[in-house]
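Engineer: Following this message is one structure expressed as structure tokens.
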Amino acid sequence: MSVLLEFAMFPTDKGESVSEYVSRILKVIDEEGQQYTLTAMGTIIEVEKLDDALKIVKKAYKQLERDCNRVYSTIKLDIRKGKGGRLRQKIDSVERKLGKKLST
């Protein structure tokens with residue numbers, strides 16, 4: 001099974017720049033040993049099970065809970081049986097059709 005998780009999570013009570021808090025979340029993902037793609041609007045991770053995805057979301061929240069009074073999050077899941085490696089494959093497929101590389 002492959003679970004693509006795209007999520008954004010940040011405090012709404014810490015001003016305009018929240019990169020300090022986002023970096024905490026990325027450390028959680030690193031500690032879990034997961035590869036990820038950071039975008040301007042969120043982070044994308046591929047894991048094997050839904051429980052693994054939800055575990056990361058919960059740990060990310062725990063990093064913010066201790067000193068943030070309000071946390072906003074969006075979560076999208078793409079769950080597919082029997083196919084892994086989709087984090088990069090989906091982008092590669094589009095790039096082949098366009099005949100150019102989209103990501104850096």
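The values are calculated or read from the model by the stated rules, or taken from the named source; none is laboratory data. Note that the structure is predicted; figures quoted are calculated from it, not measured. For accessibility, only protein heavy atoms count, side chains too; no ligands or nucleic acids. Shrake-Rupley method; radii C 1.70, N 1.55, O 1.52, S 1.80 Å.
Engineer: Given a 1.4 angstrom probe, I'd like the percentage of the accessible area of segment 1-90 that is carbon and sulfur, rounded to a whole number.
Structural biologist: Working: 2840 of 5860 Å².
Heavy-atom surface of segment 1-90 belonging to carbon and sulfur, 1.4 Å probe: 48 percent.
Engineer: Hey, another quick one. Which aspartates and glutamates have a Cα less than 12 Å from the Cα of Lys100, not counting those fewer than 8 places away in the same chain?
Structural biologist: Once the sequence-local aspartates and glutamates are set aside, what remains near Lys100 is Asp92.
Engineer: At a Cα cut-off below 25 Å, give the lysines reachable from Lys62, other chains included and same-chain residues fewer than 8 away excluded.
Structural biologist: Of all the lysines, those that pass the test against Lys62 - Cα under 25 Å, at least 8 places apart if same chain - are Lys14, Lys27, Lys49, Lys76.
Engineer: What residues have an amide H closer than 5 Å to that of Tyr72, excluding those fewer than 5 places away on the same chain, when H is modeled at 1.01 Å from N in the peptide plane?
Structural biologist: Correct list: Phe10, Thr12.
Engineer: Right, here's the next one. Which whole-Hz ³J(HN,Hα) couplings does segment 83-93 yield from phi under the Karplus relation 6.51 cos²θ - 1.76 cosθ + 1.60, θ = phi - 60°, glycine and proline marked x?
Structural biologist: Karplus-based 3J(HN,Hα) across segment 83-93 equals 9, x, x, 6, 4, 9, 4, 5, 5, 4, 4 Hz.
Engineer: Then there's this: Express in % the proportion of alpha carbon pairs of segment 48-95 at distances exceeding 18 Å. Spell out each step's value before the answer.
Structural biologist: On the way: 550 of 1128 pairs.
Tail fraction, whole percent: 49.
Engineer: When only C-alpha pairs under 8 Å and at least 6 residues apart count, what is the relative contact order of the chain, in percent?
Structural biologist: 44
Engineer: Per residue of segment 62-74, in order, report the coupling 6.51 cos²θ - 1.76 cosθ + 1.60 (Karplus, θ = phi - 60°) as ³J(HN,Hα) in whole Hz, putting x for Gly and Pro.
Structural biologist: Ordered by residue, 3J(HN,Hα) equals 4, 5, 8, 4, 5, 9, 10, 8, 9, 10, 9, 8, 10 Hz.
Engineer: Still on this structure, I have one more. Would you look at the GNM of the chain, springs on alpha carbons closer than 10 Å, and say which of Arg80, Arg66, Arg88 moves the most?
Structural biologist: Highest fluctuation of the listed residues: Arg66.
Engineer: Please give the direction-averaged projected area of the C-alpha convex hull for the chain, in square nanometres with one decimal. Display every interim value, and only then the final one.
Structural biologist: Working: hull surface 29.0 nm².
So the mean shadow area of the Cα hull is 7.2 nm².
Engineer: Separate question: Kindly report the accessible area of the chain per residue (heavy atoms of protein chains, probe 1.4 Å, no ligands, DNA or RNA), in Å².
Structural biologist: Details: 7180 Å² over 104 residues.
Solvent-accessible surface per residue comes out at 69 Å².
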